[in-house]
Amino acid sequence: MNATESERIFQALELFRIELPSWGFANTGTRFGKYIQPAAATTIEEKFSDAAQVHLLTGVCPSLALHVEWDFPQGTKSIGNVKELARRYNVRPGSINPNLFQDQCYKHGSFGNPAPSVRQRALQHTRECIAIGKRLNSRDISMWFADGSNYPGTANIRQRKGWFEENLRAAHEDLAADQRLLVEYKPFEPAFYHTDIADWGMAFHLAKAAGPQASVLVDTGHHYLSQNIEQIVAWLLSENMLGGFHFNDRRYADDDLTMGSIDPYQVFRIFHEILLFEHERGKRADIAYMIDQSHNLKGKIEAMIQTVTMAQQLYCKAALVDHDALAIAQSKSELVKAEGLLQDAFAVDVRPAIKEWRAAKGLPADPMDAFRQSGYLERITKERSARNSTSVSSYA
Ligand code: LRH
Ligand code: MN
């Protein structure tokens, strides 16, 4: 590792921040049930406390993504409590995620529901989330829709598209000047015939139709295995329509596994496209890096620390690509040289330099080890296990 490389790693680490999902600390599962962890967080205070632990140990997770149904049990009346917790735990409220899939009324969709009363209700909930965002100085309203159908002929796809354009436009009108609407796409699940916002093109179109403060959110798990995600990222960057990421990993579908656990080179290639774009433009892209995972088996806080430190490693490796040499090799179609520049950067063990950066920042060189030494897990297990042992785990 030469001085330039460690300098580039230090610069990258100074800039890289990633947002934690409140739901990543809670007991989650699959349709085959969920395995209760005694230390899991249930209350919003416990989620802020666990997020604060991860931020304390890594220094790069200053915000917590919030899911309205799960984190604001009293809706807007919960704002005061969330504000107080954010102050007490020094973790600011991050992206606000409306929940347009849990309530029974959303069986046949939300913005795409044939019943005007349900579409109205979905828009009302979205407006409430935008208001919550304003009160918490949260910039991003991050919208994912489970909307779709399970059988051919049961939904008028074009009609629903029109309702999405209408309601996203209406939601956009409510935004404060500095707020953003992030439109997340997903090819399937829970709908298994058509999903109204199934791919980046549909999300791109709807974000454009909504207004200038709307852009696309890329959840890495929301792609068919054969899709080239970094090409989608390059296109969205080129169109200035990339608002943010939900990082996770998968072997098959939307498995929500820990980032980099299956295909770390995939995340490296995504970061490479972004850092190359920023190098060429000479300024940073306005992207919200967020984690969206459900830790069904791993210890939730350990899984989060593992994810954050892996994200730092992959971001630093991508920061080591020699962009000028790459431009020359690409211009001369020197294929092996060009690819080699990425592979060489990916092969660098950046961990020693990252440890140095942490030491320089007064952070533990090994956050995972520091967490295991902290006694935090033992303390919260004592506090929470009684309550967690009563929570149900069966699907049906
Ligand atoms: C949908 C999704 C969406 C969230 C949810 C927890 O699969 O990625 O971003 O709201 O997971
Ligand atoms: Mn997501």
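None of the figures in this text is laboratory data; all of them are computed from the coordinates on show. None of these values were measured; they are calculated from a predicted model. Because the Cβ atoms are built from the backbone with ideal geometry, glycine has one as well, and the counts that use them run over all protein chains shown.
Of the residues making up the stretch 37-47, one or more are of a type in the set (Lys, Arg) and in a helix (DSSP H, G or I). Entry remark, the stretch 137-177: residues being within 16 Å of ligand 2 (Cβ to nearest atom) and in a helix (DSSP H, G or I) number 0 in total.
Residue by residue, here is whether (1) within 16 Å of ligand 2 (Cβ to nearest atom); (2) outside any loop (DSSP other than H, G, I, E, B); (3) in contact with a helix residue (DSSP H, G or I) (Cβ under 6 Å, 6 or more places away or on another chain) holds:
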| site | (1), (2), (3) |
| --- | --- |
| Gly201 | no, yes, no |
| Phe204 | no, yes, no |
| Ala207 | yes, yes, no |
| Val216 | yes, yes, yes |
| Leu225 | no, no, no |
| Val233 | yes, yes, yes |
| Asn240 | no, no, no |
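Among residues that are crowded, with 21+ Cβ neighbours inside 10 Å and more than 16 Å from ligand 1 (Cβ to nearest atom), Val91 is included. For the stretch 146-197, filtering for residues that are within 16 Å of ligand 1 (Cβ to nearest atom), among the charged types (D, E, K, R) and surrounded by fewer than 17 Cβ atoms within 10 Å (Cβ to Cβ) leaves 1. Every condition in (1) in contact (Cβ under 8 Å) with a residue 60 or more places away in the chain; (2) more than 27 Å from Val267 (Cβ to Cβ); (3) more than 14 Å from ligand 1 (Cβ to nearest atom) holds for Pro73 except the one numbered (1).
Condition check ((1) without any contact (Cβ under 8 Å) to a residue 40 or more places away in the chain; (2) within 20 Å of the chain's Cα centre (by Cα); (3) under 22 Å from His55 (Cβ atoms)) across all residues:
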residue: Arg284; (1), (2), (3): no, yes, yes
residue: Asp292; (1), (2), (3): no, yes, yes
residue: His295; (1), (2), (3): no, yes, yes
residue: Met304; (1), (2), (3): no, yes, yes
residue: Met310; (1), (2), (3): no, yes, yes
residue: Tyr315; (1), (2), (3): no, yes, yes
residue: His323; (1), (2), (3): no, no, no
residue: Leu326; (1), (2), (3): no, no, no
residue: Lys332; (1), (2), (3): yes, no, no
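Is it true that Ile274 is among the β-branched types (Val, Ile, Thr), within 23 Å of Arg372 (Cβ to Cβ), away from ligand 1 (no atom under 16 Å from the Cβ) and surrounded by 20 or more Cβ atoms within 10 Å (Cβ to Cβ)? Answer is no for this residue.
Residues are listed down the side, and each one gets a yes or a no for (1) of a type in the set (D, E, K, R); (2) not in a helix (DSSP H, G or I):
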| site | (1), (2) |
| --- | --- |
| Ser333 | no, yes |
| Lys337 | yes, no |
| Leu342 | no, no |
| Asp349 | yes, yes |
| Pro352 | no, no |
| Lys355 | yes, no |
| Leu363 | no, yes |
| Gln373 | no, no |
